[in-house]
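Please treat every number below as a calculation from the coordinates, not as lab data. Just so we're clear, the structure is a prediction, and the values are computed from it rather than from any experiment. Neighbour counts run over all protein chains shown; Cβ positions are idealised from the backbone, glycine included.
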Amino acid sequence: MTVQVTVGLDGSSEGFAAVAWAAREAVLREVPLHLVHVEERHLTPAIPYPIAAFEAERSTGLLRTTADQLRGDHPGLEVTIERTRGRAGSLLSAAADDSDLMVLGSRGLGGLKGFLAGSVSLAVVRSSRRPVVLVRADTTDASPAAPAEQRGGEILVGADLGHPNAPVLAFAFQEAARRGATVRVVHGWSLPGPSVYAIVADPGIGETVGVQVAATLAELVRPLRKTYPDVQVIEEAVVGAAGAHLVEASKGAELVVVGRRRHPAPLGPHIGHVAHAVIHHSAAPVAVVPFG
């Protein structure tokens with residue numbers, strides 16, 4: 001694995017938004033930034049040489065121009081470029097596995113329609129063994145010359161008490177420490193179906209269970225509080241789906257962090273329901289961290 005932040009660049013507003021976010025992240029981490037442009041291999045007959053040459057020159061120019069602008073905007077940032085050809089999902093997944101962090105653009109529909117992640121972005125998220133951040137054009141300045149990131153914001157992270165996800169929480173705390181931000185840890189819970197009858201007999205059972213869930217969440221977060229004593233932490237054990245709460249809170253967040261279990265499903269890698277909801281509807285960039 002190479003110690004660097006890698007970002008996919010395709011010339012779209014979403015791609016430039018991803019580049020702007022990735023550049024600031026690389027500066028925060030004090031690591032190089034690697035720009036990758038993938039030319040999709042077509043199944044149609046071979047493209048005439050003049051057209052292929054023009055496309056190659058255009059993509060190389062895009063990479064070089066963007067890299068030069070980033071070096072000017074972030075003095076001291078090491079920027080490398082790579083142009084490759086093939087299946088974008090496979091090539092970007094391989095690039096993600098060889099980096100600390102992969103950043104990709106994702107097309108936003110706006111309003112209640114939310115976040116439309118393209119097939120390539122979703123393919124990388126499903127298969128990558130490393131964290132992947134999805135950025136849409138309307139969550140940040142769409143140009144590589146975006147201003148330096150402001151400090152003191154909030155990092156949201158979903159906590160799963162049923163399946164320990166220490167790497168997900170650790171990623172959120174590390175990002176918060178770099179930014180001087182607050183971490184808001186959210187866990188959604190609900191009473192099982194048969195408990196409805198128990199509530200009729202004892203209306204206070206919901207409150208009792210809520211106290212227990214909050215205590216379990218606090219215990220889960222305790223080691224991270226010790227590791228990052230300067231990071232302010234807010235713990236929320238909320239009734240209902242964690243995905244819905246994370247989406248609602250994302251409107252004022254710098255970053256939303258969710259987990260994806262690595263264990264393969266019968267039909268291949270998939271994204272859990274919480275991550276799926278956040279990826280498609282978050283108002284902030286989303287980091288998907290594999291664990292397990």
Note: Ala215 to Leu28 extended length (0.36 nm per residue) minus current alpha-carbon separation gives 64.0 nm
The answer for Asn165, listing residues at least 5 apart or on another chain whose modeled amide H is closer than 5 Å to its amide H, is Asp160
Separation in nanometres of the label points that stand 7 Å from Cα toward Cβ, at Gln232 and Ala94: 4.6 nm
So, over other residues within a Cβ distance under 13 Å of Glu236, counting Lys, Arg +1 and Asp, Glu -1, the net charge is -2
³J(HN,Hα) across the stretch 74-82 via Karplus (A = 6.51, B = -1.76, C = 1.60, θ = phi - 60°), whole Hz, x for Gly/Pro? 10, x, x, 6, 7, 10, 10, 10, 8
Using 0.36 nm times the number of residues separating Arg129 and Leu161, minus their current alpha carbon distance, what extension gain do you get? 9.3 nm
When Lys and Arg each count +1 and Asp and Glu each count -1, what net charge do the other residues less than 13 Å away from Arg71, Cβ to Cβ, add up to? -2
At R0 = 25 Å, how high is the FRET efficiency between Gln69 and Ser12 if r is their beta carbon distance? Nearest 0.05 is fine. 0.95
